[in-house]
Amino acid sequence: MAQTAMRGQPPRIFLTGASSGIGAALARHYAARGARLGLVARRRAALEELAADLPGTHHVYDVDVGDAAAVAAAGSDFIARAGLPDIVIANAGISVGTLTAEAADLPVFRRVLETNVLGMVHTFAPFVAPLAAAGRGTLAGIASVAGIRGLPGAGAYCASKAATISYLESLRVELRASGVKVVTIAPGYIDTPMTRVNAYPMPFLMAADAAARRMARVIERGSSYTVLPWQMAVVARVLRAMPNPLFDVLFMRAGRKSRGSLR
């Protein structure tokens, strides 16, 4: 955002998963600071309601990030209307409990992985080449501490977030010499509609607006990898170093997210 401000233009930000939760909080944060936003989500009514409440000029795209062609078209339209974005935030994601033994959960596994992993790839794909050619910009991916260790009953979600962490690392190294920064943010529990259905304790729960402010600071700094909040970062380091036998005993009876279908 600093580079854009020096040019006297409002920063341009393309944001997926913008209709609620972390995405809506990020939209409110950036719009209050003069950003021009491309707001992407599946629910057009929710996007239009959000855009109407935000100061400034914004563009609404009701597309599914699992549809590569639709996301590419939205990206091209945003570039044509607003210019090349300064920041692209791949935030769209879904979470639901899954069990491999349940045949009904197999399409849910597919949907979670397509949205959380391929959706991030689809979000960045239209912008990588033009940003690299311009020698600037930031690609920020919202992962999760759930990608650090596999949790029972959350195989699809944990696998998807582990994949996004590795994907973002690969992309960061690929683009290191281009001037384009790649930022990985792994939040812990954030108070959103996605987490409010959890029937188990959520330590260090953060309000969405507070999380958005911290994420924006991380993105501004161009930090390569950050876990939020700092308390969860400590927990993440402990979990990563924990021997498998101890981890298994401690987490085999951990609280589980409810199973369900996805529309």
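Values quoted throughout were computed directly from the atomic coordinates according to the rules given, and no laboratory measurement underlies them. It should be emphasised that the depicted structure is a prediction, and the values quoted were computed from it without experimental measurement. Positions of Cβ are backbone-derived with ideal geometry, glycine not excepted, and every protein chain shown enters the neighbour counts.
Quick notes
- Tensor-based shape of the chain (alpha-carbon gyration tensor, a/c under 1.5 rounded, otherwise prolate or oblate): prolate
- Most simply put, the range 2-251 has about 0% antiparallel DSSP beta bridges, counting only bridges with both residues inside it.
- Residues D248, D86 arranged by fewest to most Cβ contacts within 10 Å: D248, D86
- Measuring r between the beta carbons of S76 and N244 and using R0 = 41 Å, the FRET efficiency lands at 0.30.
- Part-to-part distance (alpha-carbon centres) for the range 155-219 and the range 25-90, which is given in Å: 19 Å
- Local net charge near A146, Cβ-Cβ under 11 Å (Lys/Arg +1, Asp/Glu -1): +3
- Net lengthening on full extension, S223/S258 (0.36 nm per residue, minus Cα-Cα): 9.2 nm
- For peptides 217-227, 237-247, 132-142, sequence by mean Cβ density within 10 Å, most packed first: 132-142, 217-227, 237-247
- Mean residue ellipticity, 222 nm, helices only, the chain: the sum of -39500 (n - 2.57) across DSSP H runs of n ≥ 4, divided by residue count and rounded to 500, is -14000 deg cm²/dmol.
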